[in-house]
Structures are given as C-alpha cells and as structure tokens.
Amino acid sequence: MVRFTNKYKQEAKKFEMKPFSGARKTSWRSPSNIALVKYWGKHGIQLPQNPSLSFALKNSFTETSVSYSFKKLEKTELEFLFEGKPNITFKNRINKVLAVYSEYLPFLQKLNLEIESKNSFPHSSGIASSASAMSALALCLVSIEKDLFGTLNEKKYFFQKASFLARLGSGSAARSVFPGFVVWGEDKKVKSSSDEIAVTLQTKIHDKFQKLNDAILITSSAKKQVSSSQGHDLMIQHPFAEARYEQAGKNLKKLIQSLEKGDEEKLIEVLENEALSLHSLMMSSNPGFTLLNSSTWQIIEKVKQFRIAKNLMLTFTLDAGPNVHLIYKAKDKAEITTFVASELVQFCENGYWIDDQMGSGPEKLI
Ligand code: PMV
C-alpha cells in the first residue's frame, strides 16, 4: 500500500553527501493540469480518497529554478523569490514542504538553496498554481538528487519520484509531472495506478479526443474564502462521503470508456456531473460554502444553449473556484473563440480568459 513511501525512505538512508565547491543550478517548467474526475477528500499523508483523472495544460505553467551549494554553516535560511520579489507566504509553504521532504531527501539539509519561481499566468488571477508550482519544485529536487548521487537515471524512476514528492506538496501536483491523460489514485481498471504517485493513462485514446482545448474563463480573481485543504478536511465528516467516492470510481470508468470509444455524450455527462458534484459537496459540508458566483452560472447556461444550437462538443468543468474551464476539441477552436469573445467575455473579470490546450508535460530548462 505504501510501497513508494517505504522505498524512498530506505533509499534516503544511503545518500552520502560529499562536499562540493561552487553553486549549481537546475530549472524546470511544469504545467498546471485540469481534473476531469476530481480528487476531493484525502486521508493519511496526502493520500486520495478516490482516483482522479486530468490532462496536462500547455500555457498555464510555473518555472522554478533552484541554485544549490554545499552548506558550510549549519543554519542558513532558504532564499526564495517569486516573480523577482520575496514572498513570505510562498516561502513559508516551501519551508513546510522541505521539512516533509527531509525524510526522503535528507541531503537537502546540507545544501544552501536559492529558489526562484514564476508563473505564466498573472498571480492572483484566480488560477490555482499549487499543481504547477509544487511539481516544478519536485522536479528540480529530483534533478539535484540525480546530479549529486547519480541516481534516477531511468526516466520512469525519475518521474515516479517527482510525482511522489509533488503529491506531498499538493495532491493534484502529482498529476502535473506527466503529459497526456493522467490518473492519480489506485483503481483496478488503471494499470499500475497508485495512491502514492500518478501514472499516465495507458489506453488507446480515440482520435476525437487526442487534442482537447481548455478555455479558462476567469470570473473572479478574489482569494478563495475556503482553501482546498480546508475543503478536503470537510470531507472527513461529510454525510455523502462514501457515496461520493463510489461515484468518482464509476465516473472514472465511464470516462475511460468514452475516451476510448470517442463517446462525446458520455464525456460531457461525466465532466459536468463531476464539476457540479464537487461544488455540491462543498455546499452540503458542515459548515457549507459556495465558491461559485452568478457569472459562473450564466456561463454554464450559455454553454448548454450554444452546444444545442451548434451541435458541438463543448462542455465545462470547474476547479475549487468560480472560474469555468470550457473543454472542447481543438478543431473547433475558431468557433469556440468567437463564442467566447461575443457571449462569454462579458462575464469574465476585466474580460480576462486564458486560451489553453493539452500540453506535452514538464520541460527541463537547465
Ligand atoms: O491539490 P489540491 O489539494 O489543491 O486539491 C485540488 C482539488 C481539485 O482541484 C478541486 C480537484 C483536482 O483533482 O484537481
């Protein structure tokens, strides 16, 4: 059950850190991802209550670079810059995650670290950056391990460990280290799936769904009243918890079938059921909360009308926030972009939306 946890803890004991001179640097770009079957509710140490499925985005990403040198003094502080400036909130979060990583990467305590990070999308745009940020950091840290100890030379093991570490930073980040459709959470229908790491969905995806786009409509950039970690916690006592976990399993099965068969109706049914179920869980928790606003609902109505009128595969999903992700086939881009510009941009804060699409996963920059 905790196969990777034990393996990485054992491996950690073998790292023998030798002093080295000068500073070295590694840098990764890692994308955000959009979940089609949602992860909501966790247990143990960042383990999901149900499997989730997402795809990697292309234009919404974080770039992180880590400079590291051998620590001569025992106590030195982490240096962290976000978009060129110190950011105490993010620095505290990174310090917390680094403390968790000390069990798996104990050599980090012997390094001076200077971390710089920036996002491709504006900060406070309402786009959650934890998946891209935590996966970019995890990728940098496994690169450091590889550089210092000559481990993780096989691509498969490198990305497995990155996914494992990313998950400890933010659950959904586990999925960001892989391209294409990705599953996180054990499910008997998905080969090699695990609660500890994400895996690429190894199935033949129908041609229709090889290239999906995501138009992210920002209806509000205000900070969320309830964070996703508070939301996950509210699932512990949730009266619908068991039914939800069962529903997610069934939706995963339906979604995989629809991706294989090219069944557009089923895909729409699952995506919208997942998005609305996620927000119903928030509303029916104790205390209940809602993250959606009137623009979210107006966009949803318009999308449904447009889909019927044009007979196009246009559907939506929602993250833990009021912004709407329009999912559609890349070949319909011109028509959907015109629809967004003429009918939906009025509901976006300052007319802001992000034109995104399926991406090819993270990229090593240095
Ligand atoms: O990774 P977290 O803890 O921020 O949770 C993400 C939860 C959702 O975005 C709502 C769903 C998901 O699977 O990404």
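The values are calculated or read from the model by the stated rules, or taken from the named source; none is laboratory data. Keep in mind that what you see is a predicted model, and the values were worked out from it rather than measured. Backbone-built Cβ (ideal geometry, glycine too); neighbour counts: all protein chains shown. To get the accessible areas, we keep the full protein, side chains included, count just its heavy atoms, and leave off ligands, DNA and RNA. Shrake-Rupley method; radii C 1.70, N 1.55, O 1.52, S 1.80 Å.
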Original post:
About its Cα centre, what dipole magnitude does the chain give when the only charges are +1 on Lys and Arg Cβ and -1 on Asp and Glu Cβ, stated in debye to the nearest 20?
Top reply: 960
Original post:
On full extension of the chain, what length is gained from Q225 through K261, given 0.36 nm per residue of separation minus the C-alpha to C-alpha distance?
Top reply: 9.0 nm
**OP:** For the stretch 251-291, give the magnitude of the charge dipole about the Cα centre (Cβ charges: +1 Lys/Arg, -1 Asp/Glu; no others), in debye to the nearest 20.
**Re:** 180
Original post:
Looking at the stretch 40-136, which trypsin sites (Lys or Arg not before Pro) are in a loop (DSSP not H, G, I, E or B) and have at most 15 other Cβ atoms within 10 Å?
Top reply: K72, K75
Original post:
Hey, if we sort L105, L81 by accessible area with the 1.4 Å probe, largest down, what's the order?
Top reply: L81, L105
Original post:
Excluding ligands, DNA and RNA, what is the solvent-accessible area per residue of the chain at a probe of 1.4 Å, expressed in Å²?
Top reply: 46
Original post:
Assuming R0 = 25 Å, what is the FRET efficiency of I88 and S124, from their Cβ-Cβ distance, to the nearest 0.05?
Top reply: 0.95
**OP:** Tell me the label-point distance for the pair S280, K211, using the 7 Å Cα-to-Cβ offset, in nm and rounded to one decimal.
**Re:** 3.6
Subject >> the stretch 303-366: translational diffusion in µm²/s, Stokes-Einstein, Kirkwood Rh over Cα pairs, 20 °C, 1.002 mPa s >> reply: 160
**OP:** Could you work out the Rg to Rh ratio of the stretch 99-163, with Rh taken as the Kirkwood radius (inverse of the mean 1/r over all Cα pairs)?
**Re:** 1.02
Original post:
Which value in deg cm²/dmol, rounded to the nearest 500, describes the helix-derived mean residue ellipticity at 222 nm for the chain, given -39,500 (n - 2.57) per DSSP H run of n ≥ 4 and division by the residue count?
Top reply: -11500 deg cm²/dmol
Original post:
What list of ³J(HN,Hα) values in whole Hz, one per residue of the stretch 146-162 in order, does the Karplus curve 6.51 cos²θ - 1.76 cosθ + 1.60 (θ = phi - 60°) give from phi, with Gly and Pro shown as x?
Top reply: 4, 5, 7, 10, x, 8, 6, 6, 7, 3, 4, 6, 4, 6, 4, 5, 4
Subject >> Selected from A309, F339, L365, residue furthest toward positive end of dipole (the stretch 306-366; charges at beta carbon) >> reply: A309
**OP:** Would you mind estimating how fast the stretch 118-215 diffuses translationally, via Stokes-Einstein at 20 °C and 1.002 mPa s with the Kirkwood radius over Cα pairs, in µm²/s?
**Re:** 147
Subject >> Loop sites in the stretch 1-63: GluC sites (Glu not before Pro), DSSP, at most 13 other Cβ within 10 Å >> reply: E16
Original post:
For the stretch 1-109, what is the charge dipole size about the Cα centre, in debye to the nearest 20, if Lys and Arg each add +1 at the Cβ and Asp and Glu each add -1 at the Cβ?
Top reply: 160
Subject >> Over the chain, volume per residue of the alpha carbon convex hull, in Å³ >> reply: 135
**OP:** On the protein heavy atoms, probe 1.4 angstrom, tell me the percent of accessible surface of the chain carried by carbon and sulfur.
**Re:** 51
**OP:** Name the lysines eligible as straight-distance cross-link partners of K302: C-alpha to C-alpha under 23 Å, and not fewer than 8 places from it in the same chain.
**Re:** K266, K310, K329, K331, K333
Subject >> Inter-centroid distance (Cα atoms) of the stretch 1-45 relative to the stretch 69-91, Å >> reply: 19
Original post:
Once you put a point 7 Å from the Cα of K25 and another 7 Å from the Cα of A243, both along the Cβ direction, what distance in nm separates them?
Top reply: 5.5
Original post:
If you take the alpha carbon radius of gyration of the stretch 181-236 and divide it by 2.2 N^0.38 Å, what ratio comes out, to two decimals?
Top reply: 1.61
Original post:
Relative contact order of the chain: what whole-number percent is it, with Cα pairs under 8 angstrom and at least 6 residues apart?
Top reply: 23
